[in-house]
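Q: Right, I'll just put the structure down here and ask away after.
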Amino acid sequence: MLMTEFKPNRYEVDLDRVAHYNQDLKIKTLAELIHNSATRYTDRPFLGEKVDGAYRWMTYGEFEVEMLRVRALFKKYGIEKGDRIAIIANNSVPFALAAYAAYGLGAVIVPMYEVQAKSDWQFIFGDATPKLAIVKNDAIRCQIEMLETPGLEHIFVIAPQSAKSFLDEARQLEPLDAADDVATEDDLCDIIYTSGTTGRPHGVELTHKNVAHDIVISAWMFDYCCEDRVLSFLPWAHGFGKTVDFGLFPALGAAVGLAESTKTIAQNLTEVRPTVLCAVPKIFNGIYEKLHIKLEGKRAMRALFARAQRIMHEARTRKLRRLERLEYKLMDKLVGSKIRDVFGGCIKFCVSGGASLSPEIATFFEDFGIRVFEGYGMTEHSPVISINYNADKIGSVGVPLPTVKVEIEPIDAEDAEQNASGIGEIVISSDCIMRGYHNDDEGTRSVIDEQGRLHTGDTGYIDDDGYIYIMGRIKEQYKLANGKFVVPSAIETRICASPDIDFAILYGAGMPYNVVLLRPSSDFIAKVVAANRLGDIATDARAEHPAMRAAVAKVLESATQGLRGYENPQKFAVILDDWSIANGILTPALKIKRREVEKRYADLIQSLYNND
């Protein structure tokens, strides 16, 4: 290669190509989506599941035949247009078969998580009143049978211990004709219940038109194609995974490998070898953390790593000189290629959504040739709103998808400082906006105005180039006693960029300064405990031990450098309790329930101010 032809080893978006790519994709309903793909990509692999230690793939043609038998089974059991079908299962072939079978009958899918509070299941069954439930195993079936489930007539089990599964029964039937589906673009396809981080879950009603249009305009943004492979671990009970892994990639004939669990993602990446990866920041944070843990105590490796990142960062910010190009190629081979191998070695780019990705972590992966395009969306918008593939705009969630209009409206007319900065509420106009919240007209009116625009509840601004920047949630932001505005999520994201901190929750509304609750990572806790011989003392004592507090204080000081004085937390508390879905702190989408934290740690939060 001539030196003048040198290019960094990274995927580049061809803007001219993207402007015309996938423009022929036409979808009105999700039933039409899967039929078109089965016709066009009949013999190509669609869904892959790991069986007996290896991935086995079902083709698009095989999937459609099996799906049409499930559709016949549903019809046999009286499922009609408008009926709701609840699914409580992780991503799986039976989940996909059931959902796409239901869509053709005009039925509505109500997806839930296997790991979810019974109280959430009870609320959703009472609110959505499904006629049929499909659950992963006998244990979940028993739990559902103990709930009040008005209107529920049948429960199908995906993997029963003794009896036949509903798929076994379906295979005895003749498949229906795909051309006989009755769904229209204005029919509901999904009712997806939000996580409920600050209150009760909302059932988001999405029509076929909402979801299909979001799939189509998302496809216009990248050169996705039938040659792509994706590892699917984003839950299909969540809007992001439901539209992207479950809808967008099948629409384009791509292969979708199903991760065994969140604990096996690293191994499954090397087995599926995806070309595209869609994930939440927690996944990228975890990979970043593990890479840095491997470097601890290895001075030579740390030096090589730092040198590699320096030259690879330079390569994407300026033109390299001749000797620097040689160094780049060496560092790319020794270090960059090894990091890309963690993702399977074939990755073109990643898409991050669901929460803010730390600029530090985004920059790290960009430097080593792993493009991470941050996106923005919400379930109420089916969900994708914008995407950023400009490496010069790290920290932005990008530009709106085609046909999506984004406006910024003032939050508080009296807040001159905020309004002068161009910060306000993000308001959306598009065909992807939900029909409304199920059984909640008041809640619908609170977010969809008379013009049909969606008020997201997010604060942000749009720069001169049209790129959107998210500041935080309106409901979460507050003012200190001195009148200064604080957006806690931005500060929390910054703190959690440290591989040593799993969760950070900032408080300070009406108070003289901010305080923060910090939950260190398990690896960090183990390291401090071992180094200071804290293994024999109780958890509460460990959290207050001077060695633990000193170690956490050092991490916090480093993570908050550059914050404005009033933003900086003046005091902190270390939390060593487990924060999980099981104990009610995290939602199934792994978001923190702020109200639950405030309630559980109210005395601890107050104690941080008591000695003033």
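Q: Take the solvent-accessible surface of the protein heavy atoms, probe 1.4 Å, and return the percent of it on the chain that carbon and sulfur atoms account for.
A: Here it works out to 50 percent.
Q: Please compute the net charge surrounding ILE347, taking Lys and Arg as +1 and Asp and Glu as -1 over other residues with Cβ under 11 Å from its Cβ.
A: Its environment carries a net charge of +4.
Q: Between region 52-96 and region 114-192, what is the separation of their alpha carbon centroids in Å?
A: For region 52-96 versus region 114-192, the Cα centre distance is 11 Å.
Q: Something else: Please list TRP220, TRP57 in order of solvent-accessible area, largest first, computed with a 1.4 Å probe with all protein chains present.
A: TRP57, TRP220
Q: Please list LYS7, LYS591 from largest to smallest accessible area, probe radius 1.4 Å, with all protein chains kept in place.
A: Of LYS7, LYS591, the descending order of accessible area is LYS7, LYS591.
Q: What figure in square angstrom, to the nearest 10, would you give for the accessible area of ASP138 with a 1.4 Å probe?
A: 50 Å²
Q: Hey, if we sort THR149, THR403, THR560 by accessible area with the 1.4 Å probe, largest down, what's the order?
A: THR403, THR149, THR560
Q: Tell me the mean residue ellipticity at 222 nm calculated for the chain from its helices only (DSSP H runs of n ≥ 4, each -39500 (n - 2.57), averaged over every residue, nearest 500).
A: That comes out to -10000 deg cm²/dmol.
Q: Against the longest principal axis of the chain, how steep is helix 30-40, in degrees 0 to 90 to the nearest 10, with axes from Cα atoms?
A: Approximately 80 degrees, to the nearest ten.
Q: Any idea what angle helix 322-331 forms with the longest principal axis of the chain, computed on alpha-carbon atoms, 0 to 90 degrees, nearest 10?
A: Value to nearest ten degrees: 60.
Q: Right, here's the next one. Would you kindly compute the Cα radius of gyration of region 206-315 and its largest Cα-Cα separation (Dmax), both in Å?
A: 17.5, 56
Q: Can you tell me the order of 354-361, 286-293 when each peptide is scored by its average per-residue count of other Cβ atoms within 10 angstrom, highest first?
A: 354-361, 286-293
Q: How big is Rg to Rh over region 360-488, alpha-carbon atoms, Rh as the Kirkwood inverse-mean-distance radius?
A: Radius of gyration over Kirkwood radius for region 360-488 works out to 1.00.
Q: Kindly report, to the nearest 10 Å², the accessible surface of SER162 as traced by a 1.4 Å probe over protein heavy atoms only.
A: Rounded to the nearest 10, the figure is 110 Å².
Q: While we're here: For a quick check: with amide H placed at 1.01 Å from N, whose amide H comes under 5 Å from GLY377's, ignoring anything fewer than 5 positions away on the same chain?
A: Result for GLY377 returns GLY354, ILE385.
Q: How big is region 253-406 by the Kirkwood estimate over distinct Cα pairs, in Å?
A: Radius from the Kirkwood sum: 16.8 Å.
Q: Take the Cα radius of gyration of region 41-145 and divide it by 2.2 N^0.38 Å, with N its residue count; two decimals is plenty.
A: 1.15
Q: Given LYS81/LYS131; LYS209/LYS348; LYS290/LYS393; LYS136/LYS290, which pairs have Cα atoms separated by over 22 Å?
A: LYS209/LYS348; LYS290/LYS393; LYS136/LYS290, as the Cα separations exceed 22 Å there.
Q: Separate question: Considering amide H positions built from the backbone, and no H for Pro or chain starts, which residues 5 or more places from HIS202, or on another chain, come under 5 Å of its amide H?
A: THR194, GLY196
Q: Turning to a different aspect of this structure: Tilt of helix 93-104 relative to the longest C-alpha principal axis of the chain, in degrees (0 to 90, nearest 10)?
A: Between helix and principal axis, roughly 60 degrees.
Q: Related question: Just to check, using Stokes-Einstein with a Kirkwood Rh over alpha carbon pairs, what's the diffusion coefficient of region 481-612 at 37 °C and 0.692 mPa s in µm²/s?
A: The estimated diffusion coefficient comes to 213 µm²/s.
Q: Report the gain in length on full extension from ARG445 to ALA550: 0.36 nm times residue separation, minus Cα-Cα distance, nm rounded to one decimal.
A: 32.9 nm
Q: Also, quick follow-up: When the Karplus curve 6.51 cos²θ - 1.76 cosθ + 1.60 is applied with θ = phi - 60°, which whole-Hz ³J(HN,Hα) does each residue of region 576-591 get, with x for Gly and Pro?
A: Coupling constants for region 576-591: 10, 4, 6, 9, 8, 5, 4, 9, x, 7, 10, 7, x, 8, 6, 9 Hz.
Q: Something else: For an R0 of 56 angstrom, estimate the FRET efficiency from the Cβ-Cβ distance between ASN137 and LYS329 and round to the nearest 0.05.
A: FRET efficiency, ASN137 to LYS329: 0.60.
Q: Rounded if a/c is under 1.5, else prolate if a/b is larger than b/c, else oblate: which is region 129-275, with a ≥ b ≥ c the root eigenvalues of its Cα gyration tensor?
A: rounded
Q: Something else about it: Counting residues in region 435-524 as N, plug N into 2.2 N^0.38 Å and put the Cα Rg over that result.
A: It is 1.41.
The values are calculated or read from the model by the stated rules, or taken from the named source; none is laboratory data. Here the structure is a predicted model, which means the values were calculated and not measured. In this analysis, Cβ positions are derived from the backbone assuming ideal geometry, glycine residues included, and neighbour counts consider all displayed protein chains. Areas reflect the complete protein model, heavy atoms only, side chains present, ligands, DNA and RNA absent. Shrake-Rupley method; radii C 1.70, N 1.55, O 1.52, S 1.80 Å.
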